[in-house]
Amino acid sequence: MSVGVGRVEGTFRDDAGRGPRVMMIQTQAENAGAQEISRLVGAGLEARGHRVDHLFFYSRTGGAADLGNVDVCVEGRPRDPIALVRFALAARAKIAAARPDVVLTFQHYGNVLGAPLAHLAGVHRVIANQVSAADVVAPMLRVADRLFGRLGLYDRITVNSEDTRRLYDHHPAGYRARIVSIPHGFELKRSPLGRAEARARWGLPQEVELLGCAARLHPTKRLDLAVRLLPSMPSRHLALAGQGPDREHLEATARDLGVAERVHFVGELQPTAIGEFLAALDVFVFPTIAETFGLAAVEAASAGIPVVATNLPVLEEVLEVEGRPAAILVDTADTPAFAAAVERIFADATLAAELRAAGAGLARRFSLDTMVDAYARLIDEVTGRRRAA
């Protein structure tokens, strides 16, 4: 199945002015953090003269169809050996047909399946991107990833934070030698809409204090912990933007707690709509348990929405600017402590202003141009090209 703009066949680009042909490979087509990074990197590389294709193994929601040159290998996730073989054959054929100079793989399945499929398709330059938290990667995949990096199926391996880099401290030297740090850059998600307009846009209540989160509805995001705040906050509501397998559990939790009428599901949003959603919120809550960067929280803080998030080391690393915290970090599994942190923001206007001021500095710290330039240099290095002055 093809989605979006049709592919134009041609030869690799030469060194005289135009960049190489790049293919971004990852698991599922949907709007989530890894897909947002590949969208931003792809758009930035195209602006610098590269030809970029996006290949997804299967479509979960179709939410990534606006990326440009997009192709999907199979309709749904392969769930039996025959379907897996069909997927592998389709993926190999699509990679071979696109004839990229270099492949960038994302997510754990994207890396472990995408790298060998690229080599089988005759593409021997692979940059693997470690954007999946260790807690969500099956042990078998971790073993395969370790082996592939050691043997050189990956030319380079990017990590997006120092906390993520530390996960590989005990990997073989051959693996560690390929690691390159490229912190995520991001696109500022501010909206010209006022709060009332933004709430009307998403059908959210007007005269309430509104908590919210934009994230995939997945158990690792622990959004049920945000729902559990509401019984002690009878006048507040919660808005959740995203889709995923945990929605039924979240709805059931809200019903069991008697707060279902105060939990609002707005569905999956396109990246360009995230700013409008954030403009509707008073506080962004992020009770996740597994992250390699925490892009959603960084986007919210930079948009001027005070953030309360889990006290993970990686969030402590990224949610600060020049020593100033850009969020309140707390044990979100401790409901009273989580609620108290949210209450502090509503009760202390000075604290909220300090968080907004620090959050505004995240756009400078995690520059989109800096990220794309780093990928462009890495691609030049891997493909043996020299960038023109």
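Only the coordinates and a few stated rules stand behind these numbers; no lab work does. Computed from a predicted model, the values in this text were never measured in an experiment. For neighbour counting, all protein chains shown are included, and Cβ atoms are generated from backbone atoms with ideal geometry for every residue, glycine included.
Amide H contacts of Ala326: Glu320, Val321, each under 5 Å away and 5 or more positions distant or on a separate chain (H built 1.01 Å from N in the peptide plane; Pro and chain starts excluded). Using alpha carbon centroids, what distance separates the stretch 222-248 and the stretch 126-171, in Å? Cα centroid to Cα centroid, the span is 32 Å. Converting phi to 3J(HN,Hα) with the Karplus coefficients 6.51, -1.76 and 1.60 and the offset θ = phi - 60°, the stretch 41-48 yields 5, x, 5, x, 5, 4, 5, 9 Hz in sequence order, with x at every glycine or proline. Mean residue ellipticity, 222 nm, helices only, the chain: the sum of -39500 (n - 2.57) across DSSP H runs of n ≥ 4, divided by residue count and rounded to 500, is -11500 deg cm²/dmol. Neighbours of Arg236, meaning other residues whose beta-carbon lies under 13 angstrom from its beta-carbon, give a summed charge of -3 when Lys and Arg score +1 and Asp and Glu score -1. Under a crude label model (7 Å from the Cα following the beta-carbon direction), how far is Ala347 from Ala47 in nanometres? So the label points at Ala347 and Ala47 sit 4.4 nm apart.
Taking a ≥ b ≥ c as the square roots of the eigenvalues of the alpha carbon gyration tensor, the stretch 45-151 is rounded, as a/c is under 1.5.
The value obtained for the stretch 146-277, namely the Cα convex hull volume divided by the number of residues, is 151 Å³ per residue.
Expressed as a fraction of 2.2 N^0.38 Å, the value expected for a compact globular protein of N residues, the C-alpha radius of gyration of the stretch 117-188 is 1.13. The stretch 195-365: D in µm²/s via Stokes-Einstein (Kirkwood Rh, Cα pairs, 20 °C, 1.002 mPa s)? After rounding, the answer is 136 µm²/s.
Taking amide H as placed 1.01 Å from N in the peptide plane, the amide H of Asp53 sits under 5 Å from that of Val22, Met23, Met24, each at least 5 places away or on another chain.
Ranked from largest, the principal axis spans of the Cα set of the chain equal 61, 47, 42 Å.
Neighbour counts of other Cβ atoms within 10 Å put Thr350, Thr253, Thr332, Thr370 in the fewest-to-most order Thr350, Thr370, Thr253, Thr332. The alpha carbon radius of gyration of the stretch 171-229, expressed as a multiple of 2.2 N^0.38 Å, is 1.87.
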